[in-house]
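**Student:** Once you've had a glance at the structure underneath, I'll fire off some questions.
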């Protein structure tokens, strides 16, 4: 691997980690870089998922330690996300690479639009009120997020 690629990966890793810590959405940067470096979409997505998984483990343990996380109340959010993740992972393994690229570009453009149109969604703290009931639309959205 060339030194320039290694430097780009290290710098983007730091930037993505910083962005994800503050507001989330760093996947836009890391996935774009992985694809620009020539990784197949499935490999790029899998590589990115490892970092996201590890970051979430750290977040969950920190929230648990600070008594911010109520695991029993969180289960209703975890179920659709896990199901969506499992099904989505299997779809990505079988989907045509060109189709995946179009889908990925569409998602990135949508995220960029949301960030540009409503930056306060990413810059302000918006705690989730887990005492509210979950409706079918919430299940669908969390499934898609997964």
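**Student:** Of the numbered conditions (1) more than 15 Å from the chain's Cα centre (by Cα); (2) under 20 Å from residue 144 (Cα atoms), residue 44 satisfies every one except a single condition; which is it?
**Tutor:** Just one mismatch for residue 44, condition (1).
**Student:** Quick check on the stretch 117-144: of everything there that is at pLDDT below 80 and either part of a helix (DSSP H, G or I) or on the phi > 0 side of the Ramachandran plot (or both), which residue is surrounded by the most Cβ atoms within 10 Å (Cβ to Cβ)?
**Tutor:** Checking each candidate, the answer is 122.
**Student:** Now, a different point. Check whether at least one residue in the stretch 31-44 is on the phi > 0 side of the Ramachandran plot and in a loop (DSSP other than H, G, I, E, B), and report yes or no.
**Tutor:** Yes, the stretch 31-44 contains a residue that is on the phi > 0 side of the Ramachandran plot and in a loop (DSSP other than H, G, I, E, B).
**Student:** Related question: Taking the stretch 48-72, which residues are assigned to a helix (DSSP H, G or I), exposed (fewer than 10 other Cβ atoms within 10 Å of the Cβ) and either in contact (Cβ under 8 Å) with a residue 12 or more places away in the chain or over 18 Å from the mean Cα position of the chain (by Cα) (or both)?
**Tutor:** 65, 72, listed by residue number.
**Student:** On the basis of being within 23 Å of residue 98 (Cα to Cα) and part of a helix (DSSP H, G or I), does residue 84 make the cut? Please lay out each step first, then the result.
**Tutor:** Values: within 23 Å of residue 98 (Cα to Cα): yes; part of a helix (DSSP H, G or I): yes.
For residue 84, the condition - within 23 Å of residue 98 (Cα to Cα) and part of a helix (DSSP H, G or I) - is met.
**Student:** Next up: How many residues does the stretch 35-44 hold that are in contact with a helix residue (DSSP H, G or I) (Cβ under 7 Å, 6 or more places away or on another chain) and either surrounded by fewer than 12 Cβ atoms within 10 Å (Cβ to Cβ) or within 20 Å of residue 115 (Cβ to Cβ) (or both)?
**Tutor:** 1
**Student:** Now a separate question. Can you tell me which residue among 3, 19, 75, 95 is farther than 24 Å from residue 139 by Cβ, modelled with pLDDT of 80 or more and either out of contact with any strand residue (DSSP E or B) (no Cβ under 7 Å at 6 or more places or on another chain) or surrounded by 12 or more Cβ atoms within 10 Å (Cβ to Cβ) (or both)?
**Tutor:** Just one listed residue meets the conditions, 3.
The values are calculated or read from the model by the stated rules, or taken from the named source; none is laboratory data. Remember, it's a predicted structure, so these values are computed and weren't measured experimentally. Neighbour counts are summed over all protein chains in view; Cβ atoms, including those assigned to glycine, are modelled from backbone coordinates with ideal geometry.
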